[in-house]
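No lab work stands behind these numbers, since they all come straight from the coordinates. Quantities reported herein were computed from a predicted structural model and do not represent experimental measurements. Cβ placement follows ideal geometry from the backbone for every residue including glycine, while neighbour counts extend to all protein chains displayed.
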Amino acid sequence: MILDWLLPVLLLSVLALALIGAIRRISLWRAGQPSPVDFFGGLKAMPRRYLVDLHHVVERDKYMSNTHVATAGGFVLSLVLIILVHLFGIESKWLAWPLLASSVLMFVGATFVYKRRKNPPSRLSKGPWMRLPKSLLVFSVTFFLVTLPAAGVLPQGFGGWVLALILAAGVVWGLGEMVFGMTWGGPMKHAFAGALHLAFHRRPERFGGGRSTGLKPVDLDAPVLGVQKPSDFKWNQLLGFDACVQCGKCEAMCPAFAAGQPLNPKKLIQDMVIGLAGGTDAKFAGSPYPGIELGNAKGGPDSTITEGLVNPDTLWSCTTCRACVEECPMMIEHVDAIVDMRRFLTLEKGNTPGKGAETLDNLIATDNPNGYEPGSRMNWAADQNLRVMSEVKEADVLFWVSDGAFDMRSQRILRSFVKLLKAANVDFAVLGDEERDSGDVARRLGDDATFQSLAKRNIAVMNKYRFKRIVTTDPHAFHVLKNEYKDFGGDYEVLHHTTFINELVKDGRIKLGGHKGGTVTYHDPCYLGRYNGEYDSPRELLSAMGIQLAEMERSGFRSRCCGGGGGAPITDIPGERRIADMRIEDARATGAELVAVGCQQCTAMLEGVVEPRPEIKDIAELAADALVEADDSQPARTRRDELAVEVA
Amino acid sequence: MANAEHLKIVALVSVGQHPKSGRARRAEQDARAVELGLNLCGEKVQVLHAGDVAEESLRSYAGMGLKQLRVLQQAAGADASVALGDYLSEHLPDIVLTGVRAESGESSGMTPYLLAEKLGWPLVTRIADIARIENGEAEILQALPRGQRRAIRVRLPFVASVDNAAAAPRQSAYGPGRRAELENLPWVETADEVRAAFEEAPARKRPKRLKMVKAKTAAERFKAATAKSQGGGGRVIKDQPPHEQAQAIFDLLLEEGVLR
């Protein structure tokens with residue numbers, strides 16, 4: 001019987017080749033920059049990360065999660081048993097029968113993969129990925145048949161040399177795809193790179209229900225700032241790119257892709273793979289960047305990414321909304337990579353498109369993106385009689401006003417929030433002219449130098465005063481203060497105003513009446529929701545006003561960006577549609593007459609959509625309108641009246 | 001762009017001041033001078049400052065892609081135009097580019113004039129671009145009000161002040177700005193005695209005359225905003241004989257009290 005001696009030989013040589021491939025692949029990743037990881041801890045945590053954390057993401061698509069459990073589970077089990085049975089030749093029905101069972105399991109899974117691939121959605125990559133279900137079927141069927149004699153079902157040598165040859169071919173195909181291809185760049189590469197990626201993830205805090213969304217700081221003394229070449233990425237970032245399964249969930253969620261801007265997160269990650277391994281994108285079998293033809297991108301580990309591999313416009317199209325990261329079943333960090341490359345363009349090339357350069361210059365010279373006089377930051381509150389930290393030194397709550405202070409629309413939100421704070425008798429104060437831009441825009445435009453300078457100065461100011469918590473109406477400032485100031489010594493408890501107002505309502509410190517008006521829907525700001533996991537407070541608050549939300553199809557963690565994040569309105573990369581228009585279409589589909597928002601940037605973007613469209617209001621405005629003013633607030637009001645007695 | 005790789009071009013830069021925050025920054029016109037220099041001869045442009053090498057805002061000029069920036073070491077009270085003049089008459093470049101006036105300090109706009117006088121070179125004020133340099137002669141576009149341009153020919157070497165109408169300066173990149181070499185040259189200092197006698201005080205805000213808006217419709221407002229202002233006096237003397245033209249100028253000067 002040929003297979004008796006051929007099978008172990010094939011197995012052994014394929015495993016050896018796979019090992020060589022693995023070493024080669026690992027050396028490609030190691031071209032990246034050092035990044036400390038907990039080596040053994042990561043490996044130990046890997047199965048849990050795979051079976052729990054990753055499965056949670058995959059499970060959002062029940063069909064695919066069940067399919068994957070059957071296929072992958074069946075395959076891993078089969079491979080282990082195949083090695084025991086067919087390589088080491090352990091003759092035991094206790095091994096052969098489970099092997100039969102696992103190959104059946106894999107076969108069942110593979111048929112579902114096959115079914116999905118019959119008419120694949122556009123987000124899926126074709127090419128070699130179309131071959132994969134066939135390979136899975138061949139592998140499972142072949143090893144099922146090969147194992148039958150070992151299980152004693154069929155006599156040895158059944159079927160003669162014809163069947164033996166066919167089976168040998170099946171073994172070669174199956175092992176070639178599933179084992180050799182795993183480390184030599186086939187579709188199965190995702191299993192090898194993915195497992196290691198989970199073990200050595202750059203943000204291990206994301207596993208076990210945690211969250212890690214703050215950008216990592218740039219070492220400003222480095223010889224090159226940001227990522228110029230693929231080898232400038234951290235090694236585990238490169239590993240992460242290699243883990244991509246090209247499922248295109250990111251592509252399906254990306255607002256820039258939907259708007260026809262030249263960005264497709266999946267293609268970007270694949271371009272990074274081209275970068276780390278060298279080659280061109282001619283064989284890429286998914287959707288291209290809108291408006292950019294395939295086949296022209298070329299790259300290598302040591303060539304500049306933005307010269308030939310990725311068009312800078314692709315990088316600047318991103319709104320940093322994190323929809324791709326949230327959706328990625330492999331937990332790849334697209335936004336980190338994009339900002340890393342933007343950093344090179346801004347800090348080394350001085351090539352921030354659109355109004356980017358002007359905005360950054362303004363931030364440097366005036367601490368606000370529009371170049372307003374820094375001393376006019378409190379003008380919006382001239383009639384508000386706010387307490388300023390430089391005078392009171394201490395307060396329960398520091399109200400972070402943000403650059404909304406300079407914008408007349410945002411000022412309405414700020415005033416509403418102040419009205420609520422006063423109604424609840426909150427002991428609060430503002431920084432006044434000592435406040436500066438949080439640095440959000442500068443950082444996302446890649447200018448980490450300006451971000452760090454703003455952050456350090458803001459922290460120095462805040463550390464002069466005593467307060468328990470910071471509350472802000474701007475989710476971008478919220479995120480930056482909460483998650484990104486830690487690296488510079490600013491560790492604060494920060495709340496978004498919707499969380500804080502909700503707390504006030506729950507504690508009975510303010511009473512809200514019913515909202516009058518038609519259907520309401522709520523738009524989750526990316527930096528509040530996906531970045532910080534706050535989906536509930538805004539909804540609780542709205543329901544406290546008696547509002548029954550008509551949720552948009554894309555809400556919660558799947559909320560579609562308004563188009564205003566990541567400096568996208570500043571760089572303004574042209575597309576076919578505007579992201580804000582698409583978001584208003586989402587709202588219209590619910591029949592809503594009002595879109596409740598928790599972000600001044602979202603307010604500006606959505607209000608920029610041509611009427612007729614639903615009205616846009618911040619939750620602070622809705623709450624202030626619904627505020628039932630208690631009687632004991634009366635004395636305060638009369639006192640204020642007395643301040644304005646007529647003198648002549 | 002003009003073919004000027006072989007020329008020695010010097011762009012003079014000062015420390016600017018942001019109009020709103022008062023912070024030191026890259027001066028807008030000086031940055032345009034550097035931009036013009038970079039466009040003419042690339043990295044070879046020599047950028048020169050007279051003052052303190054530790055001044056951070058100089059880095060934002062360097063961030064435009066300069067490998068090196070030369071600083072003539074001068075104390076705060078020194079007359080920069082003397083130091084610059086001495087340096088330039090020693091090194092004799094082909095073109096000296098400056099801003100029209102500094103954003104800080106005296107801001108008199110005299111530096112290009114004083115330098116041109118000292119070097120004995122022609123001065124072209126408020127240029128928008130240098131279109132061509134051929135056979136030792138430069139073809140320059142001078143910026144006039146309302147976006148008009150005047151083509152001027154001038155022999156090298158010359159001094160030119162760069163107007164706001166020139167190409168906007170490129171973005172300053174942090175990394176190269178950090179890494180550029182700021183070369184400090186100790187230089188003779190001449191105290192600016194006239195300046196020392198000045199008294200400085202913040203400008204008093206003058207009350208603005210309230211504008212009566214006569215326009216009732218958007219179209220009228222648009223017209224008012226875009227129409228050429230009608231110059232009241234003046235007349236065009238074009239085809240008269242030269243002595244009549246001279247007479248007309250002489251009369252005007254008498255009338256205005258310039259000549260007595």
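Observations
- The radius of gyration of the Cα set in segment A:359-506, together with its Dmax, comes out at 14.3, 44 angstrom.
- Cβ-isolated cysteines (cut-off 4.7 Å), the protein assembly as shown: A:CYS244, A:CYS247, A:CYS254, A:CYS318, A:CYS328, B:CYS41
- Förster-model FRET efficiency, 30 Å R0, A:SER27 and A:ARG457, C-beta, rounded to 0.05: 0.10
- Karplus-derived 3J(HN,Hα) values for segment A:448-455, using 6.51 cos²θ - 1.76 cosθ + 1.60 with θ = phi - 60°, are 6, 5, 5, 4, 5, 5, 5, 4 Hz; glycine and proline are entered as x.
- Proximal lysines to A:LYS456, defined as alpha-carbon separation beneath 24 angstrom and excluding residues fewer than eight positions away on the same chain: A:LYS216, A:LYS393, A:LYS464, A:LYS468, A:LYS482, A:LYS486, B:LYS20
- Shape category assigned to segment A:564-612 from the gyration tensor of Cα positions, a/c cut at 1.5: oblate
- Shielding by partners for peptide A:343-349, expressed as the average number of C-beta atoms from other protein chains within 10 Å of each residue's C-beta, is 4.
- Förster radius 45 Å - calculated FRET efficiency between B:GLU139 and A:GLU394, Cβ distance, rounded to 0.05: 0.10
- The angle separating the long axis of helix A:39-48 from the principal Cα axis of greatest extent in chain A is about 90 degrees.
- C-alpha long axis of helix A:265-277 to longest principal axis of chain A, angle in °: 60 degrees
- If the segment from B:ALA219 to B:ILE237 were pulled out straight at 0.36 nm per residue, it would be longer than the present Cα-Cα gap by 3.0 nm.
- Cβ charges +1 (Lys, Arg) and -1 (Asp, Glu), total dipole of segment A:280-371, debye: 140 debye
- Pairwise label distance in nanometres, B:GLU255 with A:LEU87, each label 7 Å out on the Cα-Cβ vector: 10.4 nm
- Residues A:TYR485, A:TYR63, arranged from fewest to most other Cβ atoms within 10 angstrom of their Cβ, appear as A:TYR63, A:TYR485.
- Segment A:601-624 and segment A:391-434 have Cα centres separated by 20 Å.
- Bridge type composition, the protein assembly as shown - antiparallel percent by DSSP, nearest 5: 30 percent
- Exposure proxy order (Cβ contacts within 10 Å, fewest to most) of A:ASP396, A:ASP53: A:ASP396, A:ASP53
- Shape category assigned to chain A from the gyration tensor of Cα positions, a/c cut at 1.5: prolate
- Other-chain or far-sequence residues with amide H under 5 Å of A:LEU549's (modelled H): none
- Candidate aspartates and glutamates - alpha carbon under 17 Å from B:LYS211, same-chain residues fewer than 8 apart omitted: B:GLU220
- Nearest-0.05 FRET efficiency for A:ASN385 and B:THR226, computed from C-beta distance (R0 41 Å): 0.40
- The mean number of partner chain beta-carbon atoms within 10 angstrom of a residue's beta-carbon across peptide B:14-27 is 4.
- Amide H contacts of A:GLY279 (H built 1.01 Å from N, in plane; Pro and chain starts excluded): A:GLY299 sit under 5 Å, all sequence-distant by 5 or more or on other chains.
- Per residue of A:355-362, other chain Cβ atoms within 10 Å of the residue Cβ number 3 on average.
- Using θ = phi - 60° and Karplus 6.51 cos²θ - 1.76 cosθ + 1.60, couplings along segment A:285-298 (whole Hz; Gly, Pro as x): 10, x, 5, x, 5, x, x, 10, 6, 6, x, 9, 7, 9
- Euclidean distance between Cα centres, segment A:160-208 to segment A:263-339, Å: 24 Å
- Amide H contacts under 5 Å for B:VAL47: B:ALA11, B:ARG70, restricted to partners 5 or more places along the chain or on a different chain, H placed in the peptide plane at 1.01 Å from N.
- Size of electric dipole in chain A: Cβ of Lys, Arg +1 and of Asp, Glu -1, about Cα centre, debye, nearest 20: 2320 debye
- Rounded, prolate or oblate (a/c below 1.5 giving rounded, otherwise prolate when a/b exceeds b/c) for chain B by Cα gyration tensor: prolate
- Cβ crowding within 10 Å ranks A:ASP281, A:ASP448, B:ASP251, A:ASP625 as B:ASP251, A:ASP625, A:ASP281, A:ASP448, fewest other Cβ atoms first.
- Straight-distance crosslink candidates among lysines, where the alpha carbon sits under 20 Å from A:LYS298 and sequence neighbours closer than 8 are dropped: A:LYS229, A:LYS266, A:LYS267, A:LYS283
- Phi angles across segment B:83-91 convert, under the Karplus curve 6.51 cos²θ - 1.76 cosθ + 1.60 with θ = phi - 60°, into 3J(HN,Hα) values of 4, 5, x, 4, 4, 5, 6, 7, 8 Hz, Gly and Pro given as x.
- Estimated [θ] at 222 nm from DSSP helical runs (n ≥ 4, -39500 (n - 2.57)) normalised by residues in chain A, nearest 500: -14000 deg cm²/dmol
- Protection proxy ranking of A:562-575, B:8-21, by the mean of other Cβ atoms within 10 Å over each peptide's residues and highest first, is A:562-575, B:8-21.
- To the nearest ten degrees, helix A:128-147 and the longest principal axis of the Cα atoms of chain A are 40 degrees apart.
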